[in-house]
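Here the structure comes first, spelled out in structure tokens, and everything after it is commentary.
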Amino acid sequence: MDYQWASSLERTVTDTNNSNTVTRGMRVEAAAQYLPSESDPERGRFIFVYRIRITNDGHRNVQLRRRAWLIIDAKSKREEVRGEGVVGKQPRIAPGETFEYTSYYPLRTDWGTMEGHFNFTFEDGEEFRVDVGRFYMVIAAENVILN
């Protein structure tokens, strides 16, 4: 998939469809937008691009180890996605630094929700969980990436 559209995923985190959660000094902001150029609604394929921004507001270095997502579509179909790192990386994030990535999810309905958590470790090996609050993948005029 072509990621040139990623730069157009600029949304405010105050939007009610987005998420802004803080756990143990780690802030996670999440936002999604509909990508009509890659979608095929007649075949039940709705592509939503999402951006995750993780900021270390704490005082210790951390490393992201794993992710877990719960995606629920408009028909209440649940899917869990788990894996190592994010987009092939396990980033280290120092205090005051931010790591951001963009990915996508193909829904079978025209709206859904996504929420989950990341597992991090401190430099001493202590592991902790950072929540990602529910955010919405929904088709709306202000929520569409135009090419």
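Here, each number is a calculation from the coordinates, and none is a lab measurement. These figures come from a predicted structure and were not determined experimentally. Note that we place each Cβ from the backbone using ideal geometry, even for glycine, and neighbour counts take in every protein chain shown.
In the range 8-143, the convex hull through the Cα atoms has an average projected area of 8.2 nm², a quarter of its surface area. In this simple spin-label approximation, residue 53 and residue 124 carry label points 7 Å from Cα along the Cα→Cβ vector, and these lie 3.1 nm apart. Using C-alpha pairs below 8 Å separated by at least 6 residues, the relative contact order for the range 8-143 is 30 percent.
Averaging 1/r across all pairs of distinct Cα atoms in the range 104-143 and inverting the result yields a Kirkwood radius of 12.6 Å.
Could you check how many percent of all C-alpha pairs in the range 46-113 are farther apart than 17 Å? Summing the P(r) tail past 17 Å for the range 46-113 gives 51 percent. Each of 100, 29 has some number of other Cβ atoms within 10 Å of its Cβ, and from fewest to most they run 100, 29.
Grab the beta carbon distance between residue 42 and residue 80, set R0 = 30 Å, and tell me the FRET efficiency rounded to 0.05.
With a Förster radius of 30 Å, E is 0.60.
Within the shell defined by Cβ-Cβ distances under 11 Å, the residues around residue 72 carry a net charge of 0, with Lys and Arg each +1 and Asp and Glu each -1. Counting other Cβ atoms within 10 Å as a rough exposure proxy, the listed residues 42, 79 run 42, 79 from fewest neighbours to most.
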